1. Report whether or not residue 98 is assigned to a loop (DSSP other than H, G, I, E, B) and modelled with pLDDT of 95 or more.
2. Just need a number here: residues in the stretch 113-145 that are charged (D, E, K, R), assigned to a loop (DSSP other than H, G, I, E, B) and within 18 Å of residue 35 (Cα to Cα).
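The values are calculated or read from the model by the stated rules, or taken from the named source; none is laboratory data. What you see is a predicted model, and the numbers here were worked out from it, not measured in a lab. Ideal geometry is used to build each Cβ from the backbone, glycine not excepted, and the neighbour counts take in all protein chains shown.
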Amino acid sequence: MIAPYAWTFLLAAIPFAIEAGAASNPASEWERRVPSPSLDPAVVIRIQVDALRANSLLNEGIKLTYSFASPENRRSTGPLGRFTAMIRSAPYDRLLNHRSARYGHLSVSGAKAFQTVTIIDKEGDETRFLWVLSRQSHGELKDCWMTGAVISAQNRAPRQAVRRTGKGTNGWFSI
């Protein structure tokens, strides 16, 4: 027989157990995300940006992003270990665990697609990246949109304090 106070504890724990079981696990969702002709360029870009935002110490987000790299991109940035090191280096490290992303206009012309993504990184700094995708024309990835390049669209200077003078200023601002 269970003591009356134990029932209270068990009943109080049920909502948390249900919520934990119902909560989606981004890593397991990403594992199901593979290049497919059914994914349009905007979805491919969002999958990658979301994966990099939630990247873990095990680099699941980077692995997923690499799975959407075009064969040409993989030849120049791979294998995965080299790709991971590149993503963990400037300027791409700003994509990892960023605060938010804003998506610019998606431009599709034939088998090419371009979209600017503005990232607010974990320090609060803004950086723009240009995603360049191509629809694959042959092989097992035929008709899949794959990332050919991600280009830093601006050079962000390190945040630094600069002395500013003039009326109405407190004398300091960050750039």
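1. Against the criterion (assigned to a loop (DSSP other than H, G, I, E, B) and modelled with pLDDT of 95 or more), residue 98 qualifies.
2. 2
Residues are listed down the side, and each one gets a yes or a no for (1) at pLDDT 80 or above; (2) part of a helix (DSSP H, G or I); (3) over 20 Å from residue 151 (Cα atoms); (4) out of contact with any helix residue (DSSP H, G or I) (no Cβ under 8 Å at 6 or more places or on another chain):
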position	(1), (2), (3), (4)
27	no, yes, yes, no
38	yes, no, yes, yes
42	yes, yes, no, yes
49	yes, yes, no, no
52	yes, yes, no, no
55	yes, no, no, no
63	yes, yes, no, no
